[in-house]
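The values are calculated or read from the model by the stated rules, or taken from the named source; none is laboratory data. The shown structure was predicted, so the numbers you read here are calculated from the model rather than taken from an experiment. Heads up, the Cβs are rebuilt from the backbone with ideal geometry, glycines too, and the neighbour counts pull from every protein chain shown. Ligands, DNA and RNA are excluded from the accessible area calculation, which covers all protein heavy atoms including side chains. Shrake-Rupley method; radii C 1.70, N 1.55, O 1.52, S 1.80 Å.
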Number of protein chains: 2
Amino acid sequence: MLIREATVDDWSAIWPFFREIVAAGETFTYPLDLGQEEGRGWWLLPAPNRTVVAVADDGTILGTAKMNNNQMGNGSHVASASYMVDPAHSGRGVGRALCEYTIEWARTTGFRSMQFNAVVETNETAVRLYRKLGFEVLGTVPEGFRSPAKGYVGLHIMHRPL
Amino acid sequence: MLIREATVDDWSAIWPFFREIVAAGETFTYPLDLGQEEGRGWWLLPAPNRTVVAVADDGTILGTAKMNNNQMGNGSHVASASYMVDPAHSGRGVGRALCEYTIEWARTTGFRSMQFNAVVETNETAVRLYRKLGFEVLGTVPEGFRSPAKGYVGLHIMHRPL
């Protein structure tokens, strides 16, 4: 698996699983009917922020991550990131590789810490991975997310120093 | 004091104190050199979100608030808001009136709770007011904000049910 910069040409390969994940409505706070063009603008970030893809040896795009400052101005020393792994390729360590990549990016870019603003507490795979990689739950917005399957559940704010 | 919908024509009266507060860099995570046009776009929100001004009997604009959903999609039932009070008119209950207004807006609009994502912990006036109005600190991003006067300080995430 290789992780490399995403280009506009990658979007047609990202979009099918991006759309599937967003439409399922269980893990992201995006509109469930987010369109292809708008989604591209939200996900493919201009510099100095970055978007990458994880690519298999045969060229298949397995997942993607975007990374950015979480706040601006005098809060701009805290990074954030988001990840999407193609459900057809889950369980292969793609999410972990992407998360490690973004932590390393944030550290070498000079950020002091990293924060996730809205981790759905029922997204156990993600919560477990983030904990393994050094993130802690700073707090949980009670009933901050309406899961289609489980109803109102908490939204974790997670954080780790760098 | 009257609280009414903000219009584009109000911006020239808001901008001087908006700029002063942003440039001071002690309470907002906005770029300290935010420009007038860009600031207007960030502050004057299109419907269904709202921006209001607090106006004195003589027509002077004393402060302003914007209110919006804090997340989208399946997180869109949590509201958020931001407030700016002209430092020349502080201590007159303007902030409290604006905050109460936004809570009432969020409740009647159907939001289930209200969240502030980045309350600078050294902004004691704001933290005290929010606590009085029923908000609690869900968590604090350690060193999440670089105060020009006090160095790295925490950023509270605050929340209240509606």
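In the set B:THR102, B:THR125, which member is in contact with a helix residue (DSSP H, G or I) (Cβ under 8 Å, 6 or more places away or on another chain), more than 11 Å from chain A (Cβ to nearest Cβ) and under 17 Å from B:HIS159 (Cα atoms)? Reasoning before the result, please.
Details: B:THR102 fails: in contact with a helix residue (DSSP H, G or I) (Cβ under 8 Å, 6 or more places away or on another chain).
Among B:THR102, B:THR125, only B:THR125 is in contact with a helix residue (DSSP H, G or I) (Cβ under 8 Å, 6 or more places away or on another chain), more than 11 Å from chain A (Cβ to nearest Cβ) and under 17 Å from B:HIS159 (Cα atoms).
With more than 13 Å from chain A (Cβ to nearest Cβ) and either closer than 30 Å to A:ARG112 by Cα or at pLDDT below 95 (or both) as the only criterion, which of B:ARG96, B:ARG107, B:ARG131 stands out?
Details: B:ARG96 fails: either closer than 30 Å to A:ARG112 by Cα or at pLDDT below 95 (or both); B:ARG107 fails: either closer than 30 Å to A:ARG112 by Cα or at pLDDT below 95 (or both).
Result: B:ARG131 is the single residue among B:ARG96, B:ARG107, B:ARG131 that is more than 13 Å from chain A (Cβ to nearest Cβ) and either closer than 30 Å to A:ARG112 by Cα or at pLDDT below 95 (or both).
Any chance you could count how many residues in the range A:134-144 are within 11 Å of another protein chain (Cβ to nearest Cβ) and either buried (at least 19 other Cβ atoms within 10 Å of the Cβ) or small (Gly, Ala, Ser) (or both)?
Adding up the residues that qualify gives 5.
Rundown of residues vs (1) open to solvent by 10 Å² or more (accessible area, probe 1.4 Å); (2) of a type in the set (Gly, Ala, Ser); (3) touching a residue at least 12 places away in the same chain (Cβ under 8 Å), yes/no style:
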site: A:VAL85; (1), (2), (3): yes, no, yes
site: A:ARG96; (1), (2), (3): yes, no, yes
site: A:GLU100; (1), (2), (3): yes, no, yes
site: A:ARG107; (1), (2), (3): yes, no, yes
site: A:MET114; (1), (2), (3): no, no, yes
site: A:SER147; (1), (2), (3): no, yes, yes
site: A:LYS150; (1), (2), (3): yes, no, yes
site: A:PRO161; (1), (2), (3): yes, no, yes
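How many residues, within the range A:43-59, are of a type outside the set (A, V, I, L, M) and loosely packed, with under 14 Cβ neighbours inside 10 Å?
5
Just for the range B:71-87: of the residues that are part of a loop (DSSP other than H, G, I, E, B) and of a type outside the set (A, V, I, L, M), which one is farthest from the other protein chains (Cβ to nearest Cβ)?
Checked the range B:71-87; the qualifying residue farthest from the other protein chains (Cβ to nearest Cβ) is B:ASP86.
I want to confirm something. Restricting to the range B:116-133 and keeping residues that are charged (D, E, K, R) and surrounded by fewer than 18 Cβ atoms within 10 Å (Cβ to Cβ), which single residue is farthest from B:PRO31 (Cα to Cα)? Steps first, answer last, please.
Taking the range B:116-133 and keeping what is charged (D, E, K, R), we get B:121, B:124, B:128, B:131-132.
Narrowing the set further to residues that are surrounded by fewer than 18 Cβ atoms within 10 Å (Cβ to Cβ) leaves B:124, B:128, B:131-132.
Details: B:GLU124: 22, B:ARG128: 25, B:ARG131: 27, B:LYS132: 29 Å.
It comes out as B:LYS132.
So for the range A:54-70 (the condition being of a type in the set (Gly, Ala, Ser) and assigned to a helix (DSSP H, G or I)), does at least one residue qualify?
Scanning the range A:54-70, I find no residue that is of a type in the set (Gly, Ala, Ser) and assigned to a helix (DSSP H, G or I), so the answer is no.
Taking A:ARG92, is it over 20 Å from B:PRO142 (Cβ atoms) and assigned to a loop (DSSP other than H, G, I, E, B)?
It is true that A:ARG92 is over 20 Å from B:PRO142 (Cβ atoms) and assigned to a loop (DSSP other than H, G, I, E, B).
Specify the residue that is nearest to the chain's Cα centre (by Cα); the eligible residues are those in the range B:115-141 that are hydrophobic (A, V, I, L, M, F, W, C) and in a helix (DSSP H, G or I).
B:ALA126
Can A:ASN69 be described as without any contact (Cβ under 8 Å) to a residue 12 or more places away in the chain and polar (S, T, N, Q)?
No.
It is to be established whether one or more residues within the range B:65-77 are of a type in the set (Ser, Thr, Tyr) and within 16 Å of the chain's Cα centre (by Cα).
Within the range B:65-77, not a single residue is of a type in the set (Ser, Thr, Tyr) and within 16 Å of the chain's Cα centre (by Cα).
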